[in-house]
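Participant: Questions regarding the structure given below will be posed in turn.
The values are calculated or read from the model by the stated rules, or taken from the named source; none is laboratory data. Everything numeric in this text was worked out from a predicted model, so none of it was measured. Cβ atoms come from the backbone with ideal geometry, glycine included; neighbour counts cover every protein chain shown. Ligands, DNA and RNA are excluded from the accessible area calculation, which covers all protein heavy atoms including side chains. Shrake-Rupley method; radii C 1.70, N 1.55, O 1.52, S 1.80 Å.
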Amino acid sequence: MNTLVSSTIRCLRVGSVCWTGLRIDGHVSYSSTRLLCAAAGKKKDFAEMVKKDKVVVFMKGTPAQPMCGFSNAVVQILRMHGVDKYGAYNVLDDQDLREGVKAFSNWPTIPQVFFNGEFVGGCDILLQMHQNGDLVEELNKLGIRSALLEEEDDGKSK
Amino acid sequence: MEITIDHIRNKLTTEIGAVHVEVEDTSPNRCAASFKVLVVSPQFEGKPLLHRHRMVNSCLAKELEVIHAFEQKTLTPEQWEKLKAQ
């Protein structure tokens, strides 16, 4: 499994470079979902890391290639809401990242989702928020309009 | 530490007053590597989802160190009755 993981996943190290000048006038400019890797050997500042984007996910694998069903579920849920621009950290790249985020959020499992730097929960919680409509509301608070609302509007206008 | 379905059920019952617990071993060979639990407890009343999940997590903190994957659903007795009625 480990061989499979390491051979399939290549960390796209865009981390520190990509963040330079990212926030201009408080706006975040995106091109696509960024894959974030903290510099190896450096002490991680999770409080900073979780604020890198409005939505930040610590997951196994990448949004393009999730390596675990639960991480995949989070990616799919976000996709359904049209959220494809978010910070994603691949914990399989870095054992310190994997254990560090668990300690930081006092949460024992991966994936972990953060909105505006605040811990939201894991896969179960995101799924339930999706099912009971809370997710649309929470995204709205972040200034993100859920794609599901667009669909609803389309449905009404037809 | 051997983790069994009964062990998880007993712990949730005694420590967070669960009135109904369903535990499923979701690992491919039923080798106690992953579990899915449904916990119904009056102690969840008035508590947000994150808080409820944290209660379960801390109750099973030791077990979760060795469990590979863990899914949970946390309901109040009222929510559980509603779900059953559906």
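Participant: How do the strands (runs of 3 or more DSSP E) wholly within chain B filter down when requiring 3 or more residues that are under 18 Å from A:Gln128 (Cβ atoms) and modelled with pLDDT under 95: which remain?
Facilitator: none
Participant: Something else: Does B:Thr14 satisfy being away from chain A (no Cβ under 13 Å) and open to solvent by less than 20 Å² (accessible area, probe 1.4 Å)? Quick ask: steps written out before the conclusion?
Facilitator: Numbers: away from chain A (no Cβ under 13 Å): yes; open to solvent by less than 20 Å² (accessible area, probe 1.4 Å): no.
So B:Thr14 fails the test.
Participant: Here's something else I'd like to know. Any residue that is open to solvent by 40 Å² or more (accessible area, probe 1.4 Å), away from chain B (no Cβ under 14 Å), in a helix (DSSP H, G or I) and polar (S, T, N, Q) - is there at least one of those in region A:135-143?
Facilitator: Yes, because at least one residue in region A:135-143 is open to solvent by 40 Å² or more (accessible area, probe 1.4 Å), away from chain B (no Cβ under 14 Å), in a helix (DSSP H, G or I) and polar (S, T, N, Q).
Participant: Being away from chain A (no Cβ under 13 Å) and either under 17 Å from A:Asp124 (Cα atoms) or of a type in the set (A, V, I, L, M) (or both) is the requirement here; does B:Val56 meet it?
Facilitator: So B:Val56 fails the test.
Participant: Separate question: Of all residues in region A:93-113 being more than 21 Å from B:Met55 (Cβ to Cβ) and more than 14 Å from chain B (Cβ to nearest Cβ), which is surrounded by the most Cβ atoms within 10 Å (Cβ to Cβ)?
Facilitator: Just the residues of region A:93-113 that are more than 21 Å from B:Met55 (Cβ to Cβ), to begin with: A:93-100.
Add one more test, that the residue is more than 14 Å from chain B (Cβ to nearest Cβ), and what stays is A:93-97, A:100.
Numbers: A:Asp93: 24, A:Asp94: 19, A:Gln95: 9, A:Asp96: 15, A:Leu97: 22, A:Gly100: 19.
Ranking the qualifying residues of region A:93-113, first place goes to A:Asp93.
Participant: Quick check: anything in region A:146-153 over 16 Å from A:Val83 (Cβ atoms) and hydroxyl-bearing (Ser, Thr, Tyr)? Before the answer, list the steps.
Facilitator: Of all residues in region A:146-153, those over 16 Å from A:Val83 (Cβ atoms) come to A:152-153.
Add one more test, that the residue is hydroxyl-bearing (Ser, Thr, Tyr), and what stays is none.
Looking through region A:146-153, none of the residues is over 16 Å from A:Val83 (Cβ atoms) and hydroxyl-bearing (Ser, Thr, Tyr).
Participant: Sticking with this one: For region A:114-134, which positions are more than 11 Å from chain B (Cβ to nearest Cβ) and either in contact (Cβ under 8 Å) with a residue 24 or more places away in the chain or buried (at least 19 other Cβ atoms within 10 Å of the Cβ) (or both)?
Facilitator: Matches in region A:114-134: A:Phe114, A:Phe115, A:Asn116, A:Gly117, A:His130.
Participant: For region A:56-65, state whether one or more residues are modelled with pLDDT under 95 and over 20 Å from B:Arg54 (Cα atoms).
Facilitator: In the first step, residues of region A:56-65 are kept if they are modelled with pLDDT under 95; the result is none.
No; the residues of region A:56-65 include none that is modelled with pLDDT under 95 and over 20 Å from B:Arg54 (Cα atoms).
Participant: Moving on. Here are B:Glu2, B:Glu22, B:Glu63, B:Glu15: which of them is among the acidic types (Asp, Glu) and in contact with a Leu (Cβ under 6 Å, 6 or more places away or on another chain)?
Facilitator: Details: B:Glu2 fails: in contact with a Leu (Cβ under 6 Å, 6 or more places away or on another chain); B:Glu63 fails: in contact with a Leu (Cβ under 6 Å, 6 or more places away or on another chain); B:Glu15 fails: in contact with a Leu (Cβ under 6 Å, 6 or more places away or on another chain).
When all the criteria are applied, what remains is B:Glu22.
Participant: Could I ask something else about it? When region B:53-86 is examined, which residues are found to be surrounded by 15 or more Cβ atoms within 10 Å (Cβ to Cβ) and within 21 Å of A:Ser71 (Cα to Cα)?
Facilitator: B:His53, B:Arg54, B:Val56, B:Asn57, B:Leu64, B:Ile67, B:Ala69, B:Phe70, B:Glu71, B:Gln72, B:Lys73, B:Thr74
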